[in-house]
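Q: The structure follows.
The values are calculated or read from the model by the stated rules, or taken from the named source; none is laboratory data. Just so you know, these numbers come straight off a predicted model, no measurement behind them. When we count neighbours, we look across all protein chains shown, and the Cβ atoms used for this are built from the backbone with ideal geometry, even at glycine. Heads up: the accessible areas ignore ligands, DNA and RNA and are worked out on the full protein's heavy atoms, side chains in. Shrake-Rupley method; radii C 1.70, N 1.55, O 1.52, S 1.80 Å.
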Amino acid sequence: MAAGLPPDALGRRICCGTDYGTVRYVGSVSTTAGIWLGVEWDDPQRGKHDGSYEGTQYFKCRHPKGGSFIRPNKANFGVDFLTAVKDRYGLNDKQDVQYGTGNTAVFGTKVVEFVGMDSVAEQQRQLNKLVDISVRECAVSHAGQEEEISRLCASMRHINLSKNLISSWETVIAIVSQVQNLETLNVSENKMRFPFTSTFTSSAFSNLKILALNQTEITWTEVLLCAQGWPVLEELYLSSNNITGLERPDNVLQTLKLLDLSDNQLLDGNHLHLIAELPRLEQLILRNTGISSIHFPDAGFGCKTKMFPSLKRLAINDNNISQWSSINELDKLPSLRALQCSNNPFMDTEKNPETLIQLIIAKISQLEVLNNCEILPAERKGAELDYRKIFGKDWLEAGGHWNSEKNKPSEEFLAAHPRYPTLCLKYGAPEEGELKGRQLLTLKSQLLTLIIRCPEKPEQKPVEKKLPESMTVQKVKGLLYRLFKIPGSELKLSYESSKLEGKEVELDNDLKPLQFYSIESGDCVLVRW
């Protein structure tokens, strides 16, 4: 074995300059002298072949050009955890330290956070003060001397171990088992081996609340095996892994509040039923998971599902959802308050982005935030009123009727518009003059005849104006500036409608069109300054 080569080199993670890889072969190659390492690189462009040389297959790669051979002295097998911490925070007495100002120390040209200490005792005191430690990209590969971490870093609560050279979950346990009250752990971007069978013997994670395992190549089966050791975990991040299917988490992950499965190719939305009984799950991130539909078969039209009882925030953006029926299904979630759903094919069915947003708001009754934008009460009311009008003709044709005894819309209509009966109860069935239909409107029918009045200036006579319903509030203010010579920035607009029984609705967003507020011909716009 070559001098300096670890005895367990096979399977270890290494770095060579800025490139990371896994050792797949250790030994001689063909007629060349000495020991070689066969490396499968994380970035296939760093490699040259598939692990074969002159007709002999020395190791296998997932990519046909993902491998190459290097000499052992070119490979960095990493350092132990404490060495990385001391180097990172300027507490290594082997370093040549120049003292900086305040809380800094300078190593050549590198400035780090803490003053270098002139005694071992003082260094240890400083290590014991560290609560939040980050050794990201510090080539950590192993725990080091037993119990040294617990002796020197007793106060640690949060550790960032991302993008290091950790090769197995056992190494993580060896480090973490020495930290008494660890709450947050990030081991993302470490391609690790995980246990195949139940190996729960450690209490290393007994206080852990937040765990990030993004880009670690973990599978869901491995997650459930390891989760036996995470009794109080609240947030689990599993983005960009090998998770292609889900299994029911029996007796594990029961305390979980947030689960991130983004960038895993789940494809089948029905897999979600397998995690639907997690009792405390409040946030589920399914961005770019390939799902094409969502369905909760236990609940009918207008009813709430028993699945995901606590789910408040759902992210399904960047997927393949093409049918509005999946958005209808989301109204069945009893606790849903926030939704991210951008970049799905169903959004291409409506060209007007304002109408698209209104449709989603109207379809999901309890939604308060859509694509990171708060839904204001006036916006919800406008969306629901418009929805009621737009699909009024469809409702009538499907058997809907103003007379409650004759009102029997078809199952097909209710499947497409499950909230429609509720909206009719809330606002009344649409009157014949309100029915918009989905046909293109002529410019004439898009014009609103409005009364412009200044309630605080009785000497100003009311003015009648015909305005396009697509005109923004900002442009209305520009028009009023020409009428009253008052800058738009000083104008406050609202409107009254005979249907609102004396209530005023504030036109509070300059960028919204008049139709957003459901203003109709004959309504009165009130101008104040």
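Q: Do any residues in region 330-354 that are under 17 Å from Phe296 (Cα atoms) have Cβ atoms under 7 Å from those of residues that are of a type in the set (Gly, Ala, Ser), where the two are at least six apart or on different chains, and which pairs are they?
A: Within 7 Å, the pairs are Asp331/Ser365; Lys332/Ala299; Ser335/Ser310.
Q: Is it fair to say Asn343 is open to solvent by 50 Å² or more (accessible area, probe 1.4 Å) and either at pLDDT 95 or above or farther than 22 Å from Ala212 by Cα (or both)?
A: For Asn343, the condition - open to solvent by 50 Å² or more (accessible area, probe 1.4 Å) and either at pLDDT 95 or above or farther than 22 Å from Ala212 by Cα (or both) - is met.
Okay, residues lined up against (1) open to solvent by less than 50 Å² (accessible area, probe 1.4 Å); (2) part of a helix (DSSP H, G or I):
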position	(1), (2)
Gln366	no, no
Ala383	yes, yes
Tyr387	yes, yes
Glu405	no, no
Pro409	yes, no
Glu412	no, yes
Thr422	no, yes
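Q: Further question on the same structure: Based on what the data block shows, is Gly47 buried (at least 20 other Cβ atoms within 10 Å of the Cβ), modelled with pLDDT under 95 and not aliphatic (A, V, I, L, M)?
A: yes
Q: Looking only at region 322-335, which residues are surrounded by fewer than 21 Cβ atoms within 10 Å (Cβ to Cβ) and assigned to a loop (DSSP other than H, G, I, E, B)?
A: Across region 322-335, the qualifying residues are Ser322, Gln323, Trp324, Pro334, Ser335.
Q: In region 509-529, which residue that is exposed (fewer than 14 other Cβ atoms within 10 Å of the Cβ) and farther than 14 Å from Met471 by Cβ is modelled with the lowest pLDDT?
A: Ranking the qualifying residues of region 509-529, first place goes to Gly522.
Q: Let me ask another. Looking at region 114-125, is at least one residue within 16 Å of Thr83 (Cβ to Cβ), at pLDDT 85 or above and among the β-branched types (Val, Ile, Thr)?
A: No, that holds for no residue.
Q: Does Tyr427 qualify as being in contact with a helix residue (DSSP H, G or I) (Cβ under 7 Å, 6 or more places away or on another chain), surrounded by fewer than 18 Cβ atoms within 10 Å (Cβ to Cβ) and not assigned by the TED database to the domain that holds Val505?
A: The answer is yes for Tyr427.
Q: If you don't mind, another one. Give the number of residues within region 170-199 that are open to solvent by less than 10 Å² (accessible area, probe 1.4 Å) and not in a loop (DSSP other than H, G, I, E, B).
A: 4
Q: Quick test for you: out of Asn264, Asn251, Asn319, pick the one residue that is without any contact (Cβ under 8 Å) to a residue 40 or more places away in the chain, open to solvent by 50 Å² or more (accessible area, probe 1.4 Å) and not aliphatic (A, V, I, L, M). Walk me through how you get there before you give the answer.
A: Details: Asn264 fails: open to solvent by 50 Å² or more (accessible area, probe 1.4 Å); Asn319 fails: open to solvent by 50 Å² or more (accessible area, probe 1.4 Å).
Exactly one of Asn264, Asn251, Asn319 is without any contact (Cβ under 8 Å) to a residue 40 or more places away in the chain, open to solvent by 50 Å² or more (accessible area, probe 1.4 Å) and not aliphatic (A, V, I, L, M), namely Asn251.
Q: Answer yes if at least one residue in region 433-450 is modelled with pLDDT under 80, loosely packed, with under 12 Cβ neighbours inside 10 Å, of a type in the set (D, E, K, R) and more than 25 Å from Cys524 (Cβ to Cβ), and no otherwise.
A: yes
Q: Only one of (1) acidic (Asp, Glu); (2) in contact with a helix residue (DSSP H, G or I) (Cβ under 8 Å, 6 or more places away or on another chain); (3) at pLDDT below 90 fails for Asp19. Which number is that?
A: For Asp19, the failing item is (3).
Q: Evaluate the following for Leu491: is it aliphatic (A, V, I, L, M), under 20 Å from Ala378 (Cβ atoms) and surrounded by fewer than 16 Cβ atoms within 10 Å (Cβ to Cβ)?
A: No.
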